[in-house]
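Colleague: This is the structure, below, for whatever I ask next.
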Amino acid sequence: MERISIVAVAAMLLAGCAAGTPDGDVHLNDITTVGTHNSYKQAIDPKLFAFLTEKAPQVAPGLDYAHPLSLSEQLSDGARAIELDVAYDPKGGLFAHPLGPPLVGETVPDAYSQYMSKPGFKVLHFQDFDYRSSCVTLHDCLAILKAWSRAHPDHVPILVTFNAKDDSLPGTTQALKFDVAAFDALDAEIRAVLRPADLVTPDDVQGAYPTLREAVLAHGWPTLKASRGKIILALDEDGGKIALYQGSRRSLEGRVLFVNAPEDSPAAAYMTLNEALTDTAHIAAMVKEGFLVRTRADADTAEARKNDPRRRDAALKSGAQYISTDYMQPDPRFGSYVARMPGGVIAACNPVRAKCEGKLE
């Protein structure tokens, strides 16, 4: 693939910046912006990380990242995509006593265990070892997002993606598998915090069309003007979990989350295409058709360690509306690698859809 410089990307995204375009003529999917991956994640305890490095040397480097800023600080810094990993814990206490710290002579604070004993979804990356979070319950994470959004009512729409975490390694705390009841509970917990006016939902987009896909292709997404100050939620999962979440619905009627559905699915509206270097043409094609796409600028610390901008620049060029990174702030241990919108803007006109000009923040 042709290498493209960040200067060229900036010129492409910011062309005509001074002119701008009225919000009413721009739709939600006509933007491009950047946000954070595993936005809640805090650094693994140093002793525990050394243990992981010894026991799993091929895996540990990919876990060696964190977001020192809180969710609200990330949003104030320009992030417009947030990712949360959620684990099902309807009775509470499942993750209250991580098994990793005692292996290295550390203890878990009583306050943490007590808080994790509350019923409800927990936010963590990998139970027992990579469990530190800036907001440990889904309720608290959503409350932070809601408070920031209410305080900044003109923000471009924030995409919040969810991974439904239910994998377990032998000998670790066994996570509960996501089933229909778990997904119903997830919807209910989200709706207990975020009201309809806070959200752009599948029903909002589908309207009177027979399916969500038909609505996206024929009518498109709401205008930017109508979407400012709102949050979009998406389930970033595989076919099995999508099928459980969708159930017998034709699309996603009554559900709060969009899903990472195949482009020919009646529920297709949002999709995750994370490999910006190899999926570039596919991303551009889906964006042109009207779908909302999320991709990644970097993964597993690889780009940051090498200060390799190719994937980041391909993501910015691809047309994906939401680009996720672990490095909106550089990690000084690795160097200067950073992934942000060029030119210091928060959101710009989509380079593939070309429906507007300039910045849209």
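Colleague: Using the reciprocal of the averaged 1/r over all distinct C-alpha pairs, how large is the Kirkwood radius of region 146-246 in Å?
Modeller: Details: mean 1/r = 0.0641 Å⁻¹.
Hydrodynamic radius (Kirkwood, Cα pairs) of region 146-246 is 15.6 Å.
Colleague: Taking the Cα centre of each part, how many Å lie between region 151-187 and region 73-149?
Modeller: 11
Colleague: For the pair Thr53 and Ala281, how long in nm is the line joining their label points, each one 7 Å along Cα→Cβ?
Modeller: Distance between the two pseudo-spin positions: 4.2 nm.
Colleague: Sticking with this one: Order of 85-93, 171-179 by packing, highest average Cβ count within 10 Å first? Could you put the intermediate results ahead of the total?
Modeller: Numbers: 85-93: 18.3, 171-179: 15.2.
The most tightly packed comes first, giving 85-93, 171-179.
Colleague: For the chain, what does the relative contact order come out to in percent, with C-alpha contacts under 8 Å and a separation of six or more? Walk me through the intermediate numbers first.
Modeller: Details: 774 pairs, mean separation 90.9, N = 361.
Over the chain, the number comes to 25 percent.
Colleague: Also, quick follow-up: If you line up the long axis of helix 138-151 against the longest principal axis of the chain, both from Cα atoms, how many degrees apart are they, to the nearest 10?
Modeller: Helix 138-151 sits roughly 40 degrees off the main axis of the chain.
Colleague: In addition: Beyond 24 Å between alpha-carbons counts as too far, so tell me which of Lys165/Lys288; Lys47/Lys177; Lys91/Lys230; Lys118/Lys230; Lys122/Lys177; Lys146/Lys355 fall in that bin. Don't jump to the answer; show the numbers that get you there.
Modeller: Details: Lys165/Lys288 32 Å; Lys47/Lys177 30 Å; Lys91/Lys230 31 Å; Lys118/Lys230 28 Å; Lys122/Lys177 14 Å; Lys146/Lys355 29 Å.
Lys165/Lys288; Lys47/Lys177; Lys91/Lys230; Lys118/Lys230; Lys146/Lys355, as the Cα separations exceed 24 Å there.
Colleague: How would Ser168, Ser336, Ser324 line up by accessible area, probe 1.4 Å, largest first? The partial results should precede the final answer.
Modeller: Details: Ser168 45, Ser336 80, Ser324 5 Å².
The ranking, largest first, comes out as Ser336, Ser168, Ser324.
Colleague: On a 0 to 90° scale, report how tilted helix 180-193 is relative to the longest principal axis of the chain, with both axes built from alpha carbons and the result rounded to the nearest 10.
Modeller: 70
Colleague: Still on this structure, please answer the following. Give me the angle, in degrees from 0 to 90, between the Cα long axis of helix 280-289 and the longest principal axis of the Cα atoms of the chain, rounded to the nearest 10.
Modeller: 60
Colleague: Another one. So how much slack lies between Ser248 and Glu106, counting 0.36 nm per residue of separation and subtracting their Cα-Cα distance, in nm? Can you show the working numbers first?
Modeller: Numbers: separation 142, 0.36 × 142 = 51.12 nm, distance 4.74 nm.
Full extension of this stretch gives 46.4 nm more.
Colleague: For region 52-183, what are the per-bin percents of Cα-Cα distances with bins 5 Å wide, up to the bin holding the maximum?
Modeller: Spelled out per bin, shortest first, that is 2, 9, 18, 21, 19, 15, 11, 4, 2, 0.
Colleague: Here's another thing I want to ask about it. Mind listing the Cα extents of the chain along all three principal axes, in Å, largest one first?
Modeller: In descending order, the Cα extents are 60, 47, 37 Å.
Colleague: While we're here: Starting from the Cα of Val180, move 7 Å in the Cα-to-Cβ direction to define the label point; list residues of region 244-259 whose amide nitrogen is under 12 Å from there.
Modeller: 244-249
Colleague: Shape verdict for region 56-103, please, from the Cα gyration tensor: rounded (a/c under 1.5), prolate (a/b greater than b/c) or oblate.
Modeller: Details: a/c = 2.42, a/b = 1.30, b/c = 1.86.
In terms of gyration-tensor shape, oblate.
Colleague: Quick one: Cα centre-to-centre distance for region 253-290 and region 212-230, in angstrom?
Modeller: Going from one Cα centre to the other spans 14 Å.
Colleague: How about region 296-335: which trypsin sites (Lys or Arg not before Pro) there lie in a loop by DSSP and see at most 13 other Cβ atoms within 10 Å? All intermediate terms of the calculation are to be shown ahead of the outcome.
Modeller: Values: sites: Arg296, Arg305, Lys306, Arg310, Arg311, Arg312, Lys317, Arg333; in loops: Arg333.
Passing sites in region 296-335 are Arg333.
Colleague: Name the residue from Gln127, Ala147, Leu194 whose Cα lies farthest towards the positive end of the charge dipole of region 116-208, charges +1 on Cβ of Lys and Arg and -1 on Cβ of Asp and Glu.
Modeller: Comparing the listed Cα positions along the dipole, Ala147 ranks first.
Colleague: Give, in nm to one decimal, the length gained when the segment between Leu99 and Ser70 is fully stretched (0.36 nm per residue of separation minus the Cα-Cα distance). Each step should come with its number before you reach the end.
Modeller: Details: separation 29, 0.36 × 29 = 10.44 nm, distance 2.55 nm.
Working it through step by step, the gained length comes to 7.9 nm.
The values are calculated or read from the model by the stated rules, or taken from the named source; none is laboratory data. Quantities reported herein were computed from a predicted structural model and do not represent experimental measurements. FYI the Cβ positions are ideal-geometry reconstructions off the backbone, even for glycines, and counts take in every protein chain you see. Ligands, DNA and RNA are stripped out before the accessible areas are found, and what is left, the full protein with its side chains, is counted by its heavy atoms. Shrake-Rupley method; radii C 1.70, N 1.55, O 1.52, S 1.80 Å.
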